[in-house]
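> Input: one structure, supplied below.
Nothing in this text is a laboratory measurement; each read-out follows from the coordinates by a stated rule. Treat the numbers as computed from the prediction; the structure is a model and nothing was measured. Methodologically, a virtual Cβ is constructed for each residue, glycine included, from the backbone with ideal geometry; neighbour enumeration extends over all protein chains shown.
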Amino acid sequence: MKKEDLRIVYMGTPEFAVESLRCLVEGGYNVVGVITMPDKPAGRGHKLQYSPVKQYALEHGLPLLQPEKLKDEAFLEQLRAWKADLQIVVAFRMLPQVVWAMPRLGTFNLHASLLPQYRGAAPINWAVINGEVETGITTFFLKQEIDTGEVIQQVRVPIADTDDVGAVHDRLMMLGGKLVTETVDAILNNTVRTIPQEQMQVTGELHAAPKIFKETCRIDWNRPVKQVYDFIRGLSPHPTAWTELHQEGQEPVVLKIYESEKLSLAHEFPVGTVQTDGKTYLRVAVPDGFIGLRSLQLPGKKRLRVDELLRGFRLSEPAKVL
């Protein structure tokens, strides 16, 4: 079968999923339909906002479905009518068996980790938070338990100590598009040799990648310099690490922290103590040194470099973060 004859249904929602869809469309593959999440209210006006995948599908005239429930019979009838040979899932949601088992060639997923490591909703964030020096992308056939199906292909990617999650996300997104088309070609050419995840070699313990919530993003200043530094870059630029700044006689202020640096300096300050010269630096005491704050944001303000912020923000000492 030629790629023009293979009927593909594509499922995805965020920006990460757009690149793989673009590679399929521009590569001449036959995408007969796209499935994405329903529109969600966003912003101050709570206007309904299209997902990035929906935006791309509309711009390229691709048939589109946005089901609320994936077991809804009306949706399943529409999906069957597309007569897909293969389904591809990139950053979507957990599928019921009635959906993933529908195509004759199955359904495969692109996951942003080296499975079986970092199964879950936020694999890129957790890999950076945990200080990993390597991550990757994996294509695998879906089965009932989430992120556990047999692996088709993997690509390994280094993580630099200076990378934040945004940089790693973009690198994996671009490589993911290429891997998706390579996986489709391997399925078409019948050259796929899958590997059960339980047979794959893993160094050390398995890490999970659960969904991240606001409280997950609060910084624990009682951790060592390296762990706090990795935590901040593992949440930057989104959803962003935060802390509460406390100054005597003032209401606490939430600070979002986008960029930091490690300062391994001996000191005797209590954890969370904030030091500044009022002009060029802000740093926070942790057990084995300081975290230098380089880029941050006050409520209702834009993100600023620390020297820019200090021009208009007077820090009264003593100050601490919690």
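> Cα atoms only: what Rg and Dmax, in Å, come out for the range 1-97?
Over the range 1-97's Cα set, Rg and Dmax evaluate to 13.6, 50 Å.
> What is the Cα coordinate range of the range 7-199 on the first, second and third principal axes, sorted by size from largest, in whole angstrom?
49, 47, 31
> A follow-up question, please. Can you tally the net charge around Glu145? Count Lys and Arg as +1, Asp and Glu as -1, for every other residue whose Cβ sits under 13 Å from the Cβ of Glu145.
Residues near Glu145 contribute -1 overall.
> Would you mind giving the average projected area, over all directions, of the Cα convex hull of the range 237-294 in nm² with one decimal?
Average of the hull's projected areas for the range 237-294 equals 4.7 nm².
> Which of His46, His60, His111, His169 has the fewest other C-beta atoms within 10 Å, and how do the rest follow up to the most?
The fewest-first ordering by Cβ neighbours comes to His46, His60, His169, His111.
> Continuing with the same structure: Lys and Arg at +1, Asp and Glu at -1: add these up for the other residues within a Cβ distance under 13 Å of Ser316 and post the number.
Residues close to Ser316 contribute a combined charge of -1.
> I would also like to ask the following. For the pairs Lys2/Lys178; Lys69/Lys143; Lys47/Lys83, flag any whose C-alpha to C-alpha distance is greater than 29 Å.
Lys47/Lys83
> Same structure, new question: What angle do you read, to the nearest 10 degrees and between 0 and 90, between the alpha-carbon axis of helix 15-26 and the longest principal axis of the chain?
It is inclined by approximately 30 degrees.
> Taking the Cα centre of each part, how many Å lie between the range 229-282 and the range 122-200?
Using only Cα atoms to place each centre, the spacing works out to 33 Å.
> Just from the alpha-carbon atoms, what are the Rg and Dmax of the chain in angstroms?
22.8, 73
> Next up: Just rank Ser295, Ser260, fewest to most, by other beta-carbon atoms within 10 angstrom.
Sorted ascending by nearby Cβ count, the order is Ser295, Ser260.
> Moving on to the next point. If packing is taken as the average count of other Cβ atoms within 10 Å, what order do 301-312, 199-210, 15-26 fall into, highest mean first?
15-26, 301-312, 199-210
> Quote the relative contact order of the chain in percent (integer), defining contacts as alpha-carbon pairs under 8 Å separated by 6+ residues.
RCO, the chain: 13 percent.
> Now for a separate question. Below 13 angstrom from the Cβ of Phe269, what's the summed charge of the other residues (Lys, Arg +1; Asp, Glu -1)?
My count for the surroundings of Phe269 gives -1.
> While we're looking at this one, here's another question. Student exercise: in the range 215-321, how many lysine pairs 8 or more apart or on different chains have Cα atoms under 21 Å apart?
Step by step, the pairs that qualify in the range 215-321 add up to 13.
> While we're on this one: Taking the DSSP beta bridges in the chain as the whole, what percent of them are antiparallel, to the nearest 5?
Rounded to the nearest five, the antiparallel share is 70 percent.
> Nearest 10 degrees is fine. How inclined is helix 165-188 to the longest principal axis of the chain, computing both from alpha carbons?
It is inclined by approximately 10 degrees.
> Quick one: length gained pulling Asn189 to Glu308 fully straight, 0.36 nm per residue minus the C-alpha distance?
The span from Asn189 to Glu308 would gain 37.2 nm if fully extended.
> Cα gyration tensor of the range 215-321, axes a ≥ b ≥ c as square roots of the eigenvalues: rounded (a/c below 1.5), prolate (a/b > b/c) or oblate?
The shape class here is rounded.
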